[in-house]
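Notes follow the structure.
The values are calculated or read from the model by the stated rules, or taken from the named source; none is laboratory data. Small disclaimer: the values here were computed from a predicted structure and weren't measured. Don't worry about glycine lacking a Cβ; one is built from the backbone with ideal geometry, like all the others, and counts go over all protein chains shown. We work out accessible area using only protein heavy atoms, side chains counted, and drop any ligands, DNA or RNA first. Shrake-Rupley method; radii C 1.70, N 1.55, O 1.52, S 1.80 Å.
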Amino acid sequence: MTTDTNEQKLRRAAEEIFAQELDALRRGDDRPRPENWLMSPQAAVTYLVGGKAKDGTPISAKYVGNRRLVETAVATLATDRALLLLGLPGTAKSWVSEHLAAAVSGTSKRLIQCTAGTDENQIRYGWNYAMLLAHGPSMDALVKTPLTRAMEDGSILRLEELTRMGSDTQDTLITVLSEKTLPIPELDTSIDARRGFNVIATANNRDKGVNELSSALKRRFNVVVLPSPATLEEETGIVVKRVRETVSTLGLPPIKSPDAELLRIVTLFRELRDGRTLNGKIKLKTPSGSLSTAEAISVGVGAWAEAAHFGKGAMAPEHMAANLVGAVVKDPVQDMVALQEYLENVMRSRDGWDDLYGAIRDVI
């Protein structure tokens with residue numbers, strides 16, 4: 001039996017990947033820190049948007065976008081209000097949530113993935129029924145959740161896709177967010193949050209299966225909306241950066257620079273997503289999926305893997321085609337019509353795109 005190491009993990013947490021940057025920021029950080037924070041709010045913003053530590057260590061940008069949004073998010077966590085990161089799928093909500101928790105608390109693993117099947121016990125606490133039957137209710141028989149542990153530690157709790165959880169279960173959080181205490185009526189006691197405890201939730205209002213937040217719960221959150229990348233250049237830069245980081249983490253073999261092909265992927269996604277070509281001259285049918293930046297990154301990584309293992313060391317249209325079709329065609333009828341229209345009305349006549357047109361035609 002082998003011992004697991006960070007290098008053997010398929011995906012490492014933010015605090016593991018960027019441990020050197022976090023350490024450099026903390027060592028040189030002489031500004032006031034909220035209680036139980038591992039760095040000041042200013043250093044946390046630098047960690048997210050990039051810059052330099054006091055000793056000159058370069059800090060890579062984790063979020064490419066409006067710095068003011070990050071400042072608002074970090075400032076919120078220093079108050080008694082929880083933070084809700086809202087946006088369309090693929091706008092880096094989970095990514096920002098993970099890095100905020102890593103910067104503030106040193107761990108991003110106090111995490112609850114909200115689903116339609118999430119119940120109160122998974123949010124508040126459960127019971128060890130063997131101990132419960134043998135000795136009755138006690139703190140020893142209590143099964144703690146990420147929420148109770150974060151409250152005890154004074155750390156950040158992450159709630160992923162909050163609106164996928166049922167409304168009744170969502171409202172379990174109201175007392176915790178407003179009173180900073182979790183009653184345990186069975187023991188006539190409560191778990192009181194330490195300073196530093198707060199909640200970062202993410203949500204989107206486009207995917208199916210979304211449950212509207214109650215007004216009472218909404219009032220407990222400060223909402224920061226993360227927008228989609230404003231320009232083709234900005235989105236391409238994000239995709240190129242994240243594709244390179246992902247393939248490095250996965251240990252995929254190197255290939256020639258795929259930036260030009262990644263630009264084509266992003267262009268196709270943006271035009272189908274917006275329902276018109278970049279120059280606005282041709283209106284297009286929009287597919288049923290979100291065609292988010294995150295999906296463009298996945299297509300790029302998939303095409304890189306094909307090029308590295310089955311190609312000649314460079315990303316070619318045949319490596320992109322199946323990945324693109326899989327990303328666009330979620331509904332075999334509606335989405336195929338949209339893709340066919342795009343192929344014939346846009347791609348077929350666009351200079352330099354005939355090779356990608358032919359590769360996609362071969363797939364469909």
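Within region 174-217, if we keep just the residues that are charged (D, E, K, R) and in contact (Cβ under 8 Å) with a residue 24 or more places away in the chain, the residue that is farthest from Pro137 (Cα to Cα) turns out to be Arg206. If only residues of region 18-60 that are within 20 Å of the chain's Cα centre (by Cα) and surrounded by fewer than 16 Cβ atoms within 10 Å (Cβ to Cβ) are counted, the one that is nearest to Lys241 (Cα to Cα) is Ser60. Within region 124-149, residues that are of a type in the set (Asp, Glu) sit with their Cβ atoms under 9 Å from residues that are assigned to a helix (DSSP H, G or I), at 6+ positions apart or across chains, in these pairs: Asp140/Met131.
With the structure loaded, tell me whether Leu272 is buried (at least 21 other Cβ atoms within 10 Å of the Cβ) and closer than 27 Å to Asn204 by Cβ or whether it fails that test. So Leu272 passes the test. Number of residues in region 140-167 that are open to solvent by 20 Å² or more (accessible area, probe 1.4 Å), within 24 Å of Arg194 (Cα to Cα) and either in contact with a strand residue (DSSP E or B) (Cβ under 8 Å, 6 or more places away or on another chain) or of a type in the set (S, T, N, Q) (or both) equals 4. Considered as a group, the residues in region 311-332 that are open to solvent by 20 Å² or more (accessible area, probe 1.4 Å) and in contact with a Pro (Cβ under 9 Å, 6 or more places away or on another chain) include one that is farthest from Pro287 (Cα to Cα), and that residue is Gly313. Looking only at residues in region 71-116 that are more than 28 Å from Ser298 (Cα to Cα) and part of a loop (DSSP other than H, G, I, E, B), the one that is least open to solvent (accessible area, probe 1.4 Å) is Ala78.
Of everything listed in (1) under 17 Å from the mean Cα position of the chain (by Cα); (2) loosely packed, with under 15 Cβ neighbours inside 10 Å, the single unmet condition for Val199 is (2). Could we say that Pro254 is open to solvent by 20 Å² or more (accessible area, probe 1.4 Å), out of contact with any helix residue (DSSP H, G or I) (no Cβ under 8 Å at 6 or more places or on another chain) and either at pLDDT 95 or above or not in a helix (DSSP H, G or I) (or both) here? No.
Summed over region 106-122, the residues that are out of contact with any Pro (no Cβ under 9 Å at 6 or more places or on another chain) and within 14 Å of Ala201 (Cα to Cα) give a count of 4.
Regarding Glu271, is this residue among the acidic types (Asp, Glu) and under 24 Å from the mean Cα position of the chain (by Cα)? Yes; evaluated as a whole, the condition is true for this residue.
Could we say that Thr175 is open to solvent by 40 Å² or more (accessible area, probe 1.4 Å) and either part of a helix (DSSP H, G or I) or assigned by TED's automatic domain parsing to the domain that holds Asn36 (or both) here? Yes. Find the residue count for region 326-345, including only residues that are among the hydrophobic types (A, V, I, L, M, F, W, C) and within 18 Å of Asp362 (Cβ to Cβ). Of the residues in region 326-345, 6 are among the hydrophobic types (A, V, I, L, M, F, W, C) and within 18 Å of Asp362 (Cβ to Cβ). Check whether at least one residue in region 30-40 is aromatic (Phe, Trp, Tyr), farther than 18 Å from Val199 by Cβ and in contact with a Gly (Cβ under 9 Å, 6 or more places away or on another chain), and report yes or no. There is no residue in region 30-40 that is aromatic (Phe, Trp, Tyr), farther than 18 Å from Val199 by Cβ and in contact with a Gly (Cβ under 9 Å, 6 or more places away or on another chain).
For the subset of region 225-244 comprising residues that are touching a Gly at 6+ places or on another chain (Cβ under 7 Å) and open to solvent by less than 30 Å² (accessible area, probe 1.4 Å), which member is farthest from Arg273 (Cα to Cα)? Here the answer is Val243.
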